[in-house]
Amino acid sequence: MVLCLVAAPPTFASTLTFAQRAATIDVVRSTFVALSHTQIDPQYIRTYDNVFGDTVTADYVSELSGAEREQLLRYALMAAWSDPDPKYLQHVRLIFDQMSLRNEGSVELAHTVYQELINRRAIDAAAQVAERLSIPMAAIPKIDGSSLASGPSALFLNPSSNVWLRRRVRFERGLHVIVVSSPVCSFCLAAADAIARDEELTKIFRDRATWIAPSHVPLDEARFVEWEKKYPEFPTGAIYDPAEWPPTIRWMSEPTPTFYFFQNGTLKDVMVGWAGEAPLHRLRDALQHVGLQK
């Protein structure tokens, strides 16, 4: 018996030229400024996956022109910024490695890749890029978290050693507030000031809250130490890996500060931002709604 093997027809995306793929994704990318992050992120990721997801291999990237490789790197960087799935960061690294072999790309673009690797806590890979950029090794954040069990975690600075310690953040029992904040955000500073002036709120946010910066906030030791000195009751850390956390916490798509109110690990309420009218009143309403304040 003779078996006839028929090759599977190519997918639509596999028949597209790079220019056609780029034109498709540019339509979505052009709306980035016009739309909010909560609208653009899923749409951009879907489009990226459809036109590039299965084709970003060393062979494919090596066949592109230098200009096309740089353009593809920018697309992959936006995907990595938008979604914590590690495959997008892997695309960034693969494309950048191919460009490095050919001495392609600007110093500015290499710095962008370096910062994204730091943001995603790929410290070893960032060190390799730092060497190319002549960034001192002392400037690269040091992270100690090898013994940590799995689960949501954040980095907290040990100021005596300038080492970021990875710690488990527990909010699966009782009432707990996760405050997505930043030590360089004026609205976060205003929120912390207002809370610190109120004795009852200070106790709540000391005992029942964890302040955590999203990954795009630089691990600037001086800024975090400054926050700790000003608000010792509200120590703030930095996210380690967004993929460890519930998807209900939108680390990239909401302004800081955003307050997430959990009860036994289930999200009960969200308060977004500190701008507008009476933010302290809105915070009290949310605390009362979840039972943290009478």
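Could you work out the relative contact order of the chain? I mean the mean sequence separation of Cα pairs under 8 Å and 6+ apart, divided by the number of residues, in percent.
On the way: 383 pairs, mean separation 43.0, N = 294.
Reported relative contact order: 15 percent.
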ask   = Which far-off residues, 5 or more places away or on another chain, put their amide H under 5 Å from the one on Gly237, with H placed in the peptide plane?
value = Trp211, Ile212, Ala213
query = For Val163, which sequence-distant residues (separation of 5 or more, or a different chain) have an amide H within less than 5 Å of its own amide H, given hydrogens modelled in the peptide plane?
reply = Asn158
task = Amide H neighbours of Leu219 under 5 Å, at least 5 residues apart or on other chains, H built in the peptide plane: list them.
result = none
ask   = What list of ³J(HN,Hα) couplings, whole Hz, do you get for region 199-214 from phi and the Karplus terms 6.51, -1.76, 1.60, once you set θ to phi - 60° and write x for glycine and proline?
value = 4, 5, 5, 4, 5, 4, 7, 7, 9, 10, 9, 10, 9, 9, 7, x
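At 1.567 mPa s and 4 °C, plugging the Kirkwood radius over alpha-carbon pairs of region 153-290 into Stokes-Einstein gives what diffusion coefficient in µm²/s? Write out the running numbers ahead of the final one.
Working: Rh = 15.0 Å.
The diffusion coefficient I find is 86 µm²/s.
Using the Cα centre of region 153-290 as the reference point, and only Cβ charges (+1 on K/R, -1 on D/E), how large is the resulting charge dipole? Debye, rounded to the nearest 20. Please report the intermediate quantities before stating the final value.
On the way: 16 positive and 17 negative charges, 64 e Å.
With only Lys, Arg, Asp and Glu charged at Cβ, the dipole is about 300 debye.
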query = So how much slack lies between Ala58 and Arg173, counting 0.36 nm per residue of separation and subtracting their Cα-Cα distance, in nm?
reply = 36.8 nm
note = Taking Cα atoms, the helix 186-196 axis meets the longest principal axis of the chain at an angle in degrees (rounded to 10) of 30
Table column - 3J(HN,Hα) (Hz), region 126-136, Karplus curve with 6.51, -1.76, 1.60, x for Gly and Pro = 5, 4, 5, 5, 4, 4, 5, 8, 6, 7, x
ask   = In Å and whole numbers, how far do the C-alpha atoms of region 13-139 stretch along each principal axis, longest first?
value = 41, 33, 21
key: Selection from Val113, Pro136, Ala154 lying farthest towards where the dipole of region 105-189 points positive, charges on Cβ   = Ala154
key: Which of Thr266, Ile195, Trp251, positive extreme of dipole for region 153-290 (C-beta unit charges)   = Thr266
key: Among Ser65, His91, Leu101 the positive-end extreme of the charge dipole of region 13-139 (Cβ point charges)   = His91
inquiry  = Compute and list, largest first, the equivalent-ellipsoid semi-axes of region 76-135 from the alpha carbon gyration tensor, each √(5λ) rounded to a whole angstrom.
reply    = 18, 13, 10
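Dividing the Cα radius of gyration by the Kirkwood radius, what Rg/Rh value follows for the chain? Could the numbers behind the result be given before it?
Numbers: Rg = 22.1 Å, Rh = 21.3 Å.
With Rh from the inverse mean 1/r over Cα pairs, Rg/Rh is 1.04.
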key: Coil-residue trypsin sites (Lys or Arg not before Pro) of region 67-131, DSSP, other Cβ within 10 Å capped at 10   = Arg102
query = Extension gain Asp193-Arg74, at 0.36 nm per residue separation less the Cα-Cα distance, in nm?
reply = 39.0 nm
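Suppose every Lys and Arg Cβ carries +1 and every Asp and Glu Cβ carries -1, with no other charges. What dipole size does the chain come out with about its Cα centre, to the nearest 20 debye? Write out the running numbers ahead of the final one.
On the way: 29 positive and 34 negative charges, 134 e Å.
The dipole magnitude comes to about 640 debye.
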key: Degrees separating the helix 221-230 axis from the principal Cα axis of the chain, which is the longest one   = 20
message = From the phi angles alone, apply the Karplus equation (6.51, -1.76, 1.60; θ = phi - 60°) to region 276-282 and give each ³J(HN,Hα) in whole Hz, x where the residue is Gly or Pro.
response = x, 7, 6, x, 5, 5, 4
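What is the total of Lys pairs in the chain with C-alpha atoms under 27 Å apart, excluding same-chain pairs fewer than 8 positions apart?
On the way: Lys87/Lys142; Lys142/Lys229; Lys142/Lys230; Lys203/Lys229; Lys203/Lys230; Lys203/Lys268; Lys203/Lys294; Lys268/Lys294.
Within the chain, the lysine pair count is 8.
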request  = Compute the long axis of helix 86-101 from its Cα atoms, compare it with the longest principal axis of the Cα atoms of the chain, and write down the angle in degrees, 0 to 90, nearest 10.
outcome  = 50
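No lab work stands behind these numbers, since they all come straight from the coordinates. Worth saying up front: this structure is predicted, and the values here are computed from it rather than measured. Cβ: placed from backbone, ideal geometry, glycine included. Neighbour counts: every protein chain shown.
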